[in-house]
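The block underneath contains the structure these notes are about, expressed in structure tokens.
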Amino acid sequence: SKWLSRRALTLPTHTEIMQWLLCLTTKVLCEARLSRTHSTDGKKNVGQRRRMEEMRGGASDRQGGQLEYELVSTFLARVHYMDIIQAIKWNRAF
């Protein structure tokens, strides 16, 4: 990322960091969904198939969406802008 380059003259803005955090949380949620739908051998097992069928239902889908929203909002509430800036500065030093 250009943020981590030693040659970068400026730090990312608060908006850029928030966009990055939203992308990061979305990626984590999507990958978690994918890993739940496939077993280790690449085939869906019976329990996973049932969960997928339940998730396709209206009520279960809304509940899953609410859970994901709460996970994202909790993560974003706990992340501190200055911690990210300090981490970027630290990374640039090495």
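The values are calculated or read from the model by the stated rules, or taken from the named source; none is laboratory data. Here the structure is a predicted model, which is why all the values come from computation and not from measurement. Glycine also receives a Cβ, built like all others from the backbone with ideal geometry; neighbour counts cover every protein chain displayed.
Are there any pairs, at least 6 apart or on different chains, whose C-beta atoms fall under 9 Å, with the first in the range 66-91 and in a helix (DSSP H, G or I) and the second of a type in the set (Gly, Ala, Ser), and if so, which?
ILE88/ALA8
Report yes if GLN19 is out of contact with any Phe, Trp or Tyr (no Cβ under 7 Å at 6 or more places or on another chain), surrounded by 10 or more Cβ atoms within 10 Å (Cβ to Cβ), assigned to a helix (DSSP H, G or I) and at pLDDT below 70, otherwise no.
no
List the number of the failed condition for LYS44; all other conditions in (1) part of a helix (DSSP H, G or I); (2) modelled with pLDDT under 60 hold.
(1)
Do you know which residues across the range 1-16 are exposed (fewer than 10 other Cβ atoms within 10 Å of the Cβ) and within 15 Å of TRP90 (Cα to Cα)?
Selection gives SER1, LYS2, ARG6, ARG7, LEU9, THR10.
Hey, ILE85 hits all of (1) loosely packed, with under 11 Cβ neighbours inside 10 Å; (2) at pLDDT 85 or above but one; which does it fall short on?
Every condition holds for ILE85 apart from (1).
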